[in-house]
Amino acid sequence: MAGLRDVRRWGSRVPLRRRVPLLLGVYLLMIATAGGLGWEALVHRDRTLARVEGELAPARDAARRLLSSLVDQETAVRGYVITGDEEFLGPYRTAAPQSRELLAELRELLAPEDRWMGQIDEIASHEERWRVEVAEPEIAATTDRRPGEAAALVATGRGQELFDTLRHDIGDFINQLQAEEERTLTLLGHARRRVTAIFFGTLLASALLTLLAMGLLRRWVTLPLLEMSDALRRVAEGAVTEPVRPVGPPELAAVANDVEAMRRRIVAELDDAVRAREAVEQQAPAVALLRRELRPTSALSPATVQVAAALQPAQGDLAGDWYDLVDRGQDGVALAIVDVSGHGVAAGALALRSKHLLLAALEDRRPPGEALTWLSNRLGDTGEAFCTALVIELDPRRGRVRYANGGHPPAFVARRSQVTELGPTGPLVGPLRGRWSTVEIELDPEDLLVAYTDGLIEARDAAGEQFGVERLVEILQSPERGPQGVVDACVELVRTFSGARLDDDLTVVALQARLVGAELAT
């Protein structure tokens with residue numbers, strides 16, 4: 001039992017990338033061995049068949065024709081000696097060359113096997129002796145009209161004895177060829193049965209090995225995957241505390257270990273989420289109050305200006321960005337847009353303080369630069385926190401824009417496919433005091449003014465590339481979109497570009513005069 005456990009423990013450590021090639025190697029080795037044996041059996045069968053059809057059977061037929069030719073010759077000689085009629089010698093004259101050809105044919109057919117050559121030579125020797133010592137003298141005596149001599153030659157019985165020996169030799173030779181042919185045919189049958197047995201044996205072995213491979217793959221892959229799937233399903237159903245145990249070969253065990261690590265991380269993140277939810281629930285009243293107070297106070301529908309805006313927090317519902325408008329009737333509007341560093345409750349509290357102070361300065365009709373200076377002087381100690389701020393006064397009746405920029409991304413004025421930048425007029429608003437100047441530019445009736453926070457242009461895609469000012473400028477080069485069209489295009493393109501949650505709060509506001517042409521001149 002201990003030895004079996006050691007074998008199983010060793011087997012569990014063998015990687016799947018080694019098991020499968022090993023199994024495939026055994027399969028290929030079996031196929032190669034069976035193929036080699038089958039090929040050898042086929043070659044032996046073909047060689048045996050070739051010996052029968054190319055040597056033994058033709059040699060046997062040639063030997064039979066030789067015997068028949070010699071019998072015809074002997075009959076012809078006897079008839080000529082008895083009758084003296086020359087017509088009897090016709091078969092003899094014709095068959096004599098044929099005998100020599102048949103003997104040459106036998107030597108050629110049986111040349112690969114030397115053991116037959118002695119018998120063929122002996123038959124040829126006896127045939128020559130019979131021809132020289134018997135047939136030719138008897139024919140000569142009869143032809144020369146010496147019947148007594150011819151009769152004496154026949155009476156000795158020497159010719160009959162030599163011919164009987166020759167006939168016996170050829171008959172024995174034919175019997176040996178036929179016996180060898182039958183033995184070879186028997187071997188051919190054995191070879192055919194061997195080929196058949198190898199073929200069906202290979203099929204059976206292949207089937208058994210295939211079943212073995214299926215069983216091993218099921219044990220190595222299917223069952224561990226099913227067990228892992230069951231564990232994952234239980235985790236998905238809520239049993240997140242149940243561990244995913246490593247099973248199967250090292251590769252699948254490694255996957256199970258990775259899944260177990262993921263499960264542990266999920267459990268840890270769930271614990272963090274629970275604690276975060278509890279913390280949010282504890283701070284929920286403060287968050288709700290900050291969110292409500294940071295909303296724009298204006299209805300965003302001044303009489304002289306078209307306004308479109310969007311604010312999307314990066315985390316949760318509480319943003320570090322805010323914007324608001326102060327409606328100044330026929331004198332247009334004042335826009336304030338601020339981006340506070342950081343996120344969460346602390347950033348929201350600083351944003352709310354900056355909003356109350358900056359809107360109070362704008363309600364008092366302070367110029368944009370003076371409003372930012374007043375904000376900085378009264379914001380108090382912000383620690384390491386800071387904010388960027390942009391204040392814009394848009395006066396369609398006078399056709400002008402006054403603005404102050406405290407370290408904020410520059411606003412843009414889009415006119416006739418030309419985009420003008422409204423750059424900084426002072427430093428960031430934060431720990432250090434500073435002063436901000438006010439800049440005034442002219443405004444045409446169809447001009448479109450767009451302000452935003454850095455969450456728009458600094459949004460990143462999966463490769464880390466920023467959305468950038470260039471893409472924003474491309475949007476602004478089509479001012480016929482109008483304020484709402486520009487805002488919608490910015491938000492949609494940034495969302496598509498980033499493909500995930502925003503890394504920073506995103507705010508974008510677009511303004512355009514409602515009065516155009518002659519009405520603006522009044």
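The values are calculated or read from the model by the stated rules, or taken from the named source; none is laboratory data. Because the structure is predicted, anything quoted here is derived from the model rather than measured. Positions of Cβ are generated from backbone atoms using ideal geometry, with glycine treated the same way; all protein chains shown enter the neighbour counts.
For the condition out of contact with any Ser or Thr (no Cβ under 6 Å at 6 or more places or on another chain), surrounded by 14 or more Cβ atoms within 10 Å (Cβ to Cβ) and small (Gly, Ala, Ser), what is the one hit in Ala111, Ala104, Ala96? Lay out the reasoning, then the answer.
Details: Ala111 fails: surrounded by 14 or more Cβ atoms within 10 Å (Cβ to Cβ); Ala104 fails: surrounded by 14 or more Cβ atoms within 10 Å (Cβ to Cβ).
Testing whether each residue is out of contact with any Ser or Thr (no Cβ under 6 Å at 6 or more places or on another chain), surrounded by 14 or more Cβ atoms within 10 Å (Cβ to Cβ) and small (Gly, Ala, Ser) leaves just Ala96.
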Note on segment 446-467: residues hydrophobic (A, V, I, L, M, F, W, C), in a loop (DSSP other than H, G, I, E, B) and either under 29 Å from Gly399 (Cβ atoms) or in contact (Cβ under 8 Å) with a residue 40 or more places away in the chain (or both) are Ala459
Taking the stated definitions as given, is Trp374 in contact (Cβ under 8 Å) with a residue 24 or more places away in the chain and aromatic (Phe, Trp, Tyr)? no
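Okay, residues lined up against (1) in a strand (DSSP E or B); (2) closer than 20 Å to Pro367 by Cβ:
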site	(1), (2)
Tyr403	yes, yes
Pro409	no, no
Thr420	yes, no
Ile441	yes, yes
Asp444	no, no
Val469	no, no
Arg481	no, no
Asp488	no, no
Thr496	no, no
Among the residues of segment 468-522 satisfying the criterion of being among the charged types (D, E, K, R), surrounded by 13 or more Cβ atoms within 10 Å (Cβ to Cβ) and over 15 Å from Ser417 (Cβ atoms), which is modelled with the lowest pLDDT? Glu519
Note on segment 30-64: residues surrounded by fewer than 16 Cβ atoms within 10 Å (Cβ to Cβ) and at pLDDT 85 or above are Asp61
Please go through segment 65-75 and give me each residue that is surrounded by fewer than 18 Cβ atoms within 10 Å (Cβ to Cβ) and in contact (Cβ under 8 Å) with a residue 60 or more places away in the chain, ordered by number. Val71
Matching residues in segment 441-485 - criterion: being over 40 Å from the mean Cα position of the chain (by Cα) and among the basic types (Lys, Arg): Arg481
Taking segment 430-449 on its own, how many of its residues are surrounded by 17 or more Cβ atoms within 10 Å (Cβ to Cβ), under 14 Å from Arg402 (Cα atoms) and among the hydrophobic types (A, V, I, L, M, F, W, C)? 3
Scan segment 178-220 for residues that are among the hydrophobic types (A, V, I, L, M, F, W, C), modelled with pLDDT under 85 and under 22 Å from Glu113 (Cα atoms) and jot them down. Leu185, Leu187, Leu188, Ala191
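Conditions (1) charged (D, E, K, R); (2) part of a helix (DSSP H, G or I); (3) out of contact with any Asp or Glu (no Cβ under 6 Å at 6 or more places or on another chain), marked per residue:
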| residue | (1), (2), (3) |
| --- | --- |
| Gln178 | no, yes, yes |
| Glu182 | yes, yes, yes |
| Ala197 | no, yes, yes |
| Leu203 | no, yes, yes |
| Arg219 | yes, yes, yes |
| Thr222 | no, yes, yes |
| Glu227 | yes, yes, yes |
| Ala231 | no, yes, yes |
| Arg234 | yes, yes, no |
